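These notes are about the structure you will find just below.
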Amino acid sequence: MGKQITPFAAERLLKTASRGFKVASPGSLRDRQTSSRVIFMSSLSFVASVLAVALVVACSDSTGPTVLAVKSGDKQTALAGTPVPAPIVISGTGGQNATFTVLAGGGTLSSTTGTVNADGTVTAPTWTLGKSAVPQQLEVTIGSRKIVITANVQTSYKIDLRFFGRTMTAAQQALFTNAANRIRAIVVGQLPVVTISASDSAATACGVTGVPEPTGSVDGILIYASIDSIDGRNKILAQSGPCFVRVQNTQLDFRTSIGVMKFDSADINSLAGSGNLQEVITHEMLHVVGFGSFWAFPGGDSAGKVLLINPGADVRYTGQGGIAGCQAIGGVSTCATSVPVEGSQGGDGTINSHWRETTFNNELMTGFLNSGVNPLSKMTIKSLEDLGYTVDASAADPFTIPGGSVRASFRADDITATTTPGAWEKPLPRAPRGLPTTGIPQSSGSK
Ligand SMILES: [Zn+2]
């Protein structure tokens, strides 16, 4: 789940960063030891010792006390959930080991201390980056001396998030930004450019009001998001999906160019109260990106085949990425040839577009929210490959298919006390339209 840097943390980073460049205060343990050793060796006479002390002070003045510095390995880039590739080496340690702490980005360390090398430098433990495309920071500490190392999460996927409707609080906006950062760590490949002109009236076509019609290039996804009234309390909570996809050489490319996600303000507080609002927003944003939105899209053959599922009583997902992802989370037999899809519980917005609740329980992209955490698994990430995305499965949350007794779960409509069981979520009213692509962007920056 996305990590937000709180004002407090940001302030701390600022302070730490400035500390990193500061000269360490004199009188640290090592400084004192050095001084006393020199004094002892020079104690043949009072004059000599005075001279020696003067010499040490002079040396201190000319070279300054030891300052930590990053000898190599700063500002690396790696995929979310993977270690930075090159060793991080700290100099100025005076041969002492250092303490390492992840300061921002949600990454993990193989140890809290490094390895002291023969030349007195310290090599950091393995630093595995977090699972969101947010700044990654690692703090190194020896005594009162600190320095901060940074790294970037590698992604070329761009999400242009635009809010509409009622003004959201900063905290509400942050939930959408967090979801976007999480998804940018999962979808990492660059997308072909779509050029929108005012005559496309794209916002109007997407049912988005009160904003200027978008124009210009979209080389990722443009998402309109709102928390506003839909149908009043306890009915539809969220309505989301793609409203424009790409068209390449007259063929549909199911990577969304423009999408919409709307939440009913009448239901949002009860959901926030349950603590699951962030997960629901990430869930809906994945639908906008394309998860479940095209599974039943007509495939165009005479047999009425649809894209990624075999509809029917035992509806199953047939995309190779999703199958591989399911097998990777323990579903070697469950998903030997296909993945169980929700076919019976929930309304039209749930059936045929989510993993099956009775099989996958609290996975984020089942049709129902569970109490506690709802992990975003490798299966969900890998299924996005079937839509044409390049993904990073290392950004997945830990998840294995529940075996034996399935834990008790409750449905999203229980949280919101929806009066129509299951019908808590629905797609956009119109099928997505196509906008032609005009090539691959020139730059391939990671931001
Ligand atoms: Zn859903």
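Considering the conditions (1) closer than 24 Å to residue 363 by Cβ; (2) in a strand (DSSP E or B), residue 272 is excluded by exactly one of them, (2).
Checked against the criterion of being more than 27 Å from residue 237 (Cα to Cα) and either modelled with pLDDT under 95 or surrounded by fewer than 18 Cβ atoms within 10 Å (Cβ to Cβ) (or both), segment 358-366 contains not a single residue that satisfies it. In segment 265-300, the qualifying residues are those that are over 18 Å from the mean Cα position of the chain (by Cα) and within 14 Å of the ligand (Cβ to nearest atom), and the one that is surrounded by the most Cβ atoms within 10 Å (Cβ to Cβ) is 292.
In this structure, is residue 259 in a strand (DSSP E or B) and within 23 Å of residue 166 (Cβ to Cβ)? Before you say what the answer is, go through the steps one by one.
Values: in a strand (DSSP E or B): yes; within 23 Å of residue 166 (Cβ to Cβ): yes.
So residue 259 passes the test.
State all residues of segment 340-387 that are on the phi > 0 side of the Ramachandran plot and either within 14 Å of the ligand (Cβ to nearest atom) or touching a Cys at 6+ places or on another chain (Cβ under 7 Å) (or both); if no residue qualifies, say none. Working first, answer last.
Filtering segment 340-387 down to residues on the phi > 0 side of the Ramachandran plot leaves 346, 352, 361, 372.
Scanning segment 340-387 gives 346, 352.
Just to verify a result, which residue in segment 219-234, among those that are over 21 Å from the mean Cα position of the chain (by Cα) and more than 16 Å from the ligand (Cβ to nearest atom), is surrounded by the most Cβ atoms within 10 Å (Cβ to Cβ)? Let's see the steps before the verdict.
Step one: of segment 219-234, the residues over 21 Å from the mean Cα position of the chain (by Cα) are 227-234.
Next, from what is left, pick out any that are more than 16 Å from the ligand (Cβ to nearest atom): 227-229, 231-234.
Values: 227: 26, 228: 16, 229: 13, 231: 14, 232: 12, 233: 16, 234: 17.
The extreme case among them is 227.
Just checking, does segment 225-244 include any residue being closer than 29 Å to residue 366 by Cα, in a helix (DSSP H, G or I) and either modelled with pLDDT under 95 or not assigned by TED's automatic domain parsing to the domain that holds residue 130 (or both)? No.
When residues of segment 200-210 are filtered for being assigned to a loop (DSSP other than H, G, I, E, B) and either loosely packed, with under 15 Cβ neighbours inside 10 Å or small (Gly, Ala, Ser) (or both), how many remain? Spell out the reasoning first.
Filtering segment 200-210 for residues assigned to a loop (DSSP other than H, G, I, E, B) gives 201, 206-210.
Among the residues that remain, those that are also either loosely packed, with under 15 Cβ neighbours inside 10 Å or small (Gly, Ala, Ser) (or both) are: 201, 207, 209-210.
Selection size over segment 200-210: 4.
Close Cβ contacts (under 8 Å, 6 or more residues apart or on different chains) running from residues in segment 237-264 that are within 16 Å of the ligand (Cβ to nearest atom) to residues that are hydroxyl-bearing (Ser, Thr, Tyr) and outside any strand (DSSP E or B) comprise 237/416; 237/418; 241/293; 242/293; 256/293; 264/229. Residues satisfying the criterion are present in segment 122-133 (criterion: outside any helix (DSSP H, G or I), more than 30 Å from residue 96 (Cβ to Cβ) and not basic (Lys, Arg)).
The values are calculated or read from the model by the stated rules, or taken from the named source; none is laboratory data. Since the model is a prediction, treat every value here as computed from it, not as a measurement. We place every Cβ from the backbone using ideal geometry, glycine too, and count neighbours over all the protein chains shown.
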